[in-house]
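These notes are about the structure you will find just below.
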Amino acid sequence: MFLPRARLQDLIDALRSAGYCCVGPTLKDGAIVFDTLHSAAQLPAGVQDAQEPGRYRTRATGGARQFAWANGPQALKPLLFAPREVLWRARRRADGSLAFDAGLPQEKPLAVFGVRSCDLAALAIQDQHFLQQAHGACADPYYAKRREGLFLVAVHCSHPASTCFCVSTGDGPRAAGGFDLALDELDDGFVLECGTDRARALIAGMRLAPAAAGQVDDAMRQSQRAQQGMTRSLPGRNLRDALFANLEHARWNEVAERCLSCGNCTSVCPTCFCHGERDQQQLDGAQSEHMREWDSCFTKGHSYIHGLTVRPDTRTRYRQWLTHKLGSWHDQFGRSGCVGCGRCIAWCPVGIDITEETAAICGGQP
């Protein structure tokens, strides 16, 4: 099917009428970030991004395209795994006993526009972790509540950044699945692909014309150009053995001299899920909240156990992050934890490049 650009608002309206809160990319403070979407006019039309190690900028092009950019600092992660949330509350009753409230999220179902293939791959990993599909254990009720009913409108990437390397991880630039709707953006509109029955029912009500053969061909050629345009890559898809064979490599010391242990890479990473929990009490003792918030393996407290910090320096923290992400995730999830989005490269204040560091440590392991 083909959706003319002038009818993109009809798709937003159809999802809102179906009970979804629409979220999409918007330009704010010089970055493309997700926000509540009421109108197609909020999308970043005529905007492209330029990303390099330690650098992210947007620029106006004057064109009509609304998705001619690679990605912003957010993925789907903050929409499902909240950066900070209350897990439960306790309050003291008049008789001194305690009452507890689980406080599950009550938001409307989300429909998210502009999801990239790398972020769909990351979502599949997050689902394995929080929904415990691989282990048969209990699901995280807070993540599960937000995940329930999530409607995903993917956009196949046509303008990858210089920091992108999803081809080498097998996660892009075209979304292979995991979406409800997928769009190929052309100058005059969008070629649509339905991935679920609910998407097919939604699109059937819009009475769209089929995409012309030339439009489909243009979309496929566009994806081929995006794939050929990626210059970065990891030296292999399973680097587990190569990394664990090089735990004392001199490169760990070299990267530690540059790394600030700031945790930016783990914040923007679409698959990192480390978190900490703490209690926040009212001064009068009448109520307390048990909070969960994002944490990072780059912080000192992350590896603190009974008076001992297991990873006391930046060298051991960076090594933990990289060997876990690219190595031991294969044992946990059957694949690497990296989806090639390149965010950790662009948003690192000192421009550390995960592809460069991995190649140096693994020595070009295939």
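In table form, for the structure just shown:
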quantity	calculated
Estimated distance in nm for a label pair at Ala94 and Gln287, the labels positioned 7 Å out from Cα along Cα-to-Cβ	1.8
Simple spin-label estimate for Gln280 and Ala14 in nanometres, 7 Å along Cα-Cβ	4.1
Alpha carbon centroid spacing (whole Å) that separates the range 95-169 from the range 52-84	17
Per residue accessible area of the range 239-363, 1.4 Å probe, in Å²	45
Label point distance in nm, Gln224-Ala102, each placed 7 Å from Cα along Cα→Cβ	5.2
Entries in Lys145/Lys325; Lys28/Lys108; Lys77/Lys145; Lys77/Lys108; Lys28/Lys325; Lys77/Lys325 that, when Cα-Cα distance is taken, lie over 22 Å	Lys145/Lys325; Lys28/Lys108; Lys28/Lys325
Segment Arg258-Leu87, length gained on full extension (0.36 nm per residue, minus Cα span)	57.9 nm
Cβ crowding within 10 Å averaged over residues, with 301-307, 66-72, 322-328 ranked highest first	66-72, 322-328, 301-307
Computed FRET value (nearest 0.05) for Ala6 with Arg57, which takes r as the C-beta separation and R₀ as 25 Å	0.25
Kirkwood hydrodynamic radius (C-alpha pairs) into Stokes-Einstein, the range 185-301, 37 °C and 0.692 mPa s, D in µm²/s	157
Helical mean residue ellipticity (222 nm; -39500 (n - 2.57) per DSSP H run of 4+; nearest 500) of the chain	-8000 deg cm²/dmol
The chain, accessible surface, carbon-and-sulfur percent (1.4 angstrom probe)	50
The range 239-363: relative contact order in percent, alpha carbon pairs under 8 Å with at least 6 residues between	34
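The values are calculated or read from the model by the stated rules, or taken from the named source; none is laboratory data. Not measured: the values here are computed from a predicted model. When we count neighbours, we look across all protein chains shown, and the Cβ atoms used for this are built from the backbone with ideal geometry, even at glycine. Quick note on the areas: whole protein, heavy atoms, side chains included, nothing else; ligands and nucleic acids left out. Shrake-Rupley method; radii C 1.70, N 1.55, O 1.52, S 1.80 Å.
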